[in-house]
Amino acid sequence: MKKILPGLFRRGLFALAGVAISAGAILALAAGQIAAQQKTVKIGFVSTFSGPTAVIGNDMRNSFELALDHLGRKMGGLPVEVIYEDDQQKPEVGKQKTEKLIQSDKVDFVVGYIWSNVLLASLKPVIDSKTFLISSNAGPHQIAGELCSPFFFSSSWQNDQTPQAMGHYMNQKGVKTLFLLGPNYTAGKDMLAGVAATFKGKVIGEELTKWPDQLDFSAELSKARAAKPDAIFVFYPGAAGVQFLTQYAQAGLKGKIPLYTVFTIDSLSLPRQGDLALGVPGVQQWVNDLPNAANKKYVADFKAKHKAYPSFYGAQTYDAANLINSAVVAVKGDLSNKDAMRDEMRKANYASVRGPYKYGNNHFPIQNFYLQDVVKDSEGMLTLKTVATIVENNRDRFHNECPMK
Amino acid sequence: MLLFLEQCLNGLQFGLLLFLLAAGLTLVFGIMDMVNLAHGSLYMLGAYFAATFAALTGSFVLGALLALIATLLVGMAVELIALRRLYGRDHLDHVLGTFGLILFFNELVRLIWGPAGMNLGLPPSLNTFVEILPGVPYPTYRLVIIAVALLVALFLYVVVMRTRIGMLIRAGASNREMVGALGINIKLLYTFVFGLGAALAGLAGLLQAPILTVQIGMGENILIVAFVVVVIGGIGSIRGAFIAAIIVGLIDTLGRSFLPDLLRLMLSKEAAATAAPALSSMLIYLLMAIILVLRPEGLFPASGK
């Protein structure tokens with residue numbers, strides 16, 4: 001007994017010492033990490049990475065990563081660290097994840113946001129903390145108008161702009177009566193208001209469907225047919241666009257009543273929409289075949305890496321990374337100099353894949369919108385092609401309501 | 001008027017589809033006293049199986065039949081492996097356990113089939129429309145759904161009311177100890193009932209697949225409506241589920257299509273445009289609340305409970 005006890009005691013001491021040493025080492029490591037963290041550009045990325053629309057979030061992430069690869073994973077000499085968060089397409093989850101990025105990760109930029117309702121819910125915590133938020137998709141009219149902020153930038157569009165361009169195109173095509181269909185949430189309402197703002201004919205019916213869970217449009221399609229319009233206009237982003245086109249054809253409407261769309265046919269939904277998408281026009285501010293050097297590089301490298309065409313969601317996110325880079329480079333990595341970073345971003349001084357554009361007073365792009373059509377490429381893969389420029393240097397219709405000059 | 005008839009048909013089709021889901025749910029709930037949130041996962045599996053088998057065999061009908069058998073087997077396996085351990089426990093444990101199954105199946109589907117979802121194409125003979133009335137074309141496939149669901153309803157009626165196994169099911173619902181005491185293998189009966197419920201969910205899923213396409217989590221939203229149907233119809237009653245499903249389907253569809261116009265007569269255009277979509281998506285829950293106040297047991301409470 002006498003021999004064993006001191007032995008145990010000694011071993012215990014050794015163990016204690018070991019714990020103390022390793023704890024010290026961990027502390028030292030942690031301190032080192034904190035020091036290192038101050039020398040990185042920290043970016044929080046909020047998008048949808050689960051559920052039926054996770055394909056969109058993944059496409060955005062792939063494009064963001066590609067942009068970072070092209071930048072050598074450094075901005076203004078600083079390494080870049082990205083924290084991806086899944087908003088599950090729910091405003092309350094998006095807000096919570098955004099708050100986490102601001103409060104505990106202390107990010108320098110927040111990027112992403114597919115859904116306008118998620119963005120509206122998440123805006124305040126970012127703006128209040130004087131962190132820059134770059135929306136690479138959603139563009140609710142509130143943020144272009146009364147809620148505009150010096151800390152918000154859009155690398156995409158204001159929601160109304162794209163359908164407004166489609167309204168112009170329908171005027172050109174001589175459409176006189178129109179039936180509108182879209183999901184009942186922030187962006188859906190913006191899209192239908194946008195098309196009604198420029199369409200010169202008569203809107204004879206308008207249906208908003210429950211979002212995101214209503215996927216059977218039988219009742220709405222019956223109503224649309226009974227109203228006998230010259231054309232139907234729809235906005236159904238993500239997987240809902242696949243379901244809509246399928247049911248449109250099954251209801252016998254394809255070929256009977258022409259369909260005009262925004263954000264319903266893209267390179268993510270096309271493989272599943274297949275031939276149903278042929279002959280259905282859409283409008284976008286970016287198409288994969290735009291002939292500028294930055295776009296050629298982006299599309300070619302994306303296709304080589306992912307064996308698929310990038311989507312407009314991805315293109316806007318690729319631009320967001322380069323927009324942030326332009327700001328960080330301008331201040332030579334001094335991320336505390338927010339005024340200088342803002343001044344630089346306002347110039348949109350980077351090679352956007354949509355070609356050059358300008359920022360308005362509310363930090364939404366003033367840009368061209370193109371008519372796009374579905375075609376088969378040389379390998380028989382369905383893709384989108386630019387047909388014509390519908391509007392040039394288009395500015396959103398809410399910028400006068402924004403107090404920023 | 002034509003539009004009204006067409007919308008009634010749309011409502012009937014939606015209702016009958018809900019019936020397929022609710023019938024399985026009410027069987028399991030009423031007979032096994034088991035709250036099965038994973039019913040929507042079986043609906044999803046039915047759709048994924050059908051899309052896979054149809055692609056393999058090149059035949060929609062063959063793919064659908066194989067999918068039905070596969071979902072039945074998966075359902076029985078789930079009962080044997082997981083749910084059997086939950087009998088006799090609190091309903092909250094059922095909810096937790098079967099919610100876990102939802103997460104498990106969603107992740108499993110993502111691993112096997114990937115996150116993008118699938119398409120189940122219709123054969124050309126079904127992918128058309130018929131003129132049910134002059135000037136009203138209606139998708140053939142939706143008529144097929146109506147026919148299949150009515151056949152299933154008839155089949156369930158015959159099985160439950162006219163066969164020995166149906167008698168055992170009804171007896172098990174009224175007094176399971178007595179059935180067990182009379183020498184009936186109640187465990188086997190439960191496995192069979194759960195498999196049947198799973199197959200019905202799978203059937204609903206594969207029937208919906210060509211319309212809604214196949215994707216992860218597709219069963220979660222419709223499951224809520226199916227629970228509403230079960231509650232309105234009376235827990236455990238297939239007849240109740242049938243009637244309640246048709247009522248819910250009609251109210252939902254007719255509400256969606258005519259409520260905006262009705263509100264426009266009473267309110268300003270802007271107020272109607274905001275209120276109508278919100279109100280029409282609430283209608284079935286309002287109906288459920290009213291039924292719960294007037295008849296807490298549902299429209300057709302299962303006898304003996």
Shielding by partners, peptide A:181-190 (average Cβ within 10 angstrom, other chains): 1
Per the protein assembly as shown, cysteines lacking a partner by the 4.7 Å Cβ criterion: B:8
Packing-based exposure ordering (other Cβ within 10 Å, fewest first) of A:191, B:178: B:178, A:191
Other protein chain Cβ atoms within 10 Å, averaged over every residue that makes up A:231-242: 1
Sorted by Cβ neighbour density within 10 Å, fewest at the top, the residues B:19, B:194: B:194, B:19
Centre separation in Å (Cα based) which lies between the stretch A:379-405 and the stretch A:44-89: 23 Å
Most positive-pole-ward Cα, A:404, A:389, A:351, against dipole of the stretch A:317-405 from beta carbon charges: A:404
Under 23 Å, Cα to Cα: Lys pairs in the stretch A:161-284, sequence gap 8 or more or different chains: 29
Per-residue ³J(HN,Hα) for the stretch A:144-151, Karplus 6.51 cos²θ - 1.76 cosθ + 1.60, θ = phi - 60°, Hz, x for Gly and Pro: 6, x, 5, 8, 4, 9, x, 9
Charge dipole of the protein assembly as shown about the Cα centre (unit charges at C-beta), most positive-ward option of A:204, A:45, B:301: A:45
In degrees, nearest ten, helix B:269-294 long axis to first principal axis of chain B (Cα): 30 degrees
Spatial separation of Cα centroids for the stretch A:237-277 and the stretch B:1-72, in angstrom: 24 Å
Helical segments meeting 30 Å axial Cα length and Kyte-Doolittle -1.0 threshold in chain A (DSSP H): A:4-37
Within a Gaussian network of chain B (alpha carbon springs, distance under 10 Å), most fluctuating of B:145, B:211, B:238: B:211
Dipole in debye (nearest 20) - chain A, about Cα centre, beta carbon charges: Lys, Arg +1; Asp, Glu -1: 800 debye
Peptide-level mean, for B:119-129, of C-beta atoms on other protein chains within 10 Å: 2
Nearest 10 degrees, 0 to 90: helix B:218-233 Cα axis against chain B principal axis: 80 degrees
Selected from A:185, A:214, A:165, residue furthest toward positive end of dipole (the stretch A:161-284; charges at beta carbon): A:165
Using a Förster distance of 30 Å, the FRET efficiency for residue B:297-residue B:81 (Cβ separation, nearest 0.05): 0.35
Cα-based helix-to-principal-axis angle, B:238-266 vs chain B, degrees rounded to 10: 20 degrees
Euclidean distance between Cα centres, the stretch A:101-180 to the stretch B:165-220, Å: 47 Å
Residues listed by number, the stretch A:154-196, amide nitrogen under 11 Å from residue A:387 label point at 7 Å toward C-beta: A:169-170, A:173
Electrostatic dipole magnitude of chain B [Cβ: Lys, Arg +1; Asp, Glu -1; Cα centre; debye, to 20]: 560 debye
Student exercise, the stretch A:212-258 dipole from Lys, Arg, Asp, Glu Cβ charges, in Debye to nearest 20: 260 debye
Loop-located trypsin sites (Lys or Arg not before Pro) in the stretch B:79-171, at most 15 other Cβ atoms within 10 Å (DSSP): B:89
Global form of chain A, assessed from the alpha-carbon gyration tensor, a/c cut-off 1.5: prolate
Computed E for residue B:283/residue A:332 - FRET, C-beta separation, R0 60 angstrom, nearest 0.05: 0.50
Cβ-derived FRET efficiency at R0 22 Å, residue A:124 paired with residue A:366, nearest 0.05: 0.25
Helix-derived mean residue ellipticity, 222 nm - over chain A, DSSP H n ≥ 4, -39500 (n - 2.57), to 500: -13500 deg cm²/dmol
Shape of the protein assembly as shown, Cα gyration tensor, a/c cut at 1.5: oblate
Gaussian network model of chain B, Cα within-10 Å springs - most flexible of B:50, B:275, B:209: B:275
Charge context of residue A:285, other residues only, Cβ under 12 angstrom, K/R +1, D/E -1: -2
Ascending count of other beta-carbon atoms within 10 Å, so fewest first, for B:177, B:6: B:177, B:6
Computed lengthening from residue B:103 to residue B:144, 0.36 nm per intervening residue step minus Cα-Cα distance: 11.5 nm
Inter-label distance for residue A:377 and residue B:274, nm, one decimal - labels placed 7 Å from Cα along Cα-to-Cβ: 4.5 nm
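Bear in mind these aren't lab numbers, they're just calculated from the coordinates by the rules spelled out. If you're wondering where the values come from, they're calculated on a predicted model, not measured in any experiment. Every residue, glycine as well, gets a Cβ built from its backbone with ideal geometry; the counts of neighbours run over all protein chains shown.
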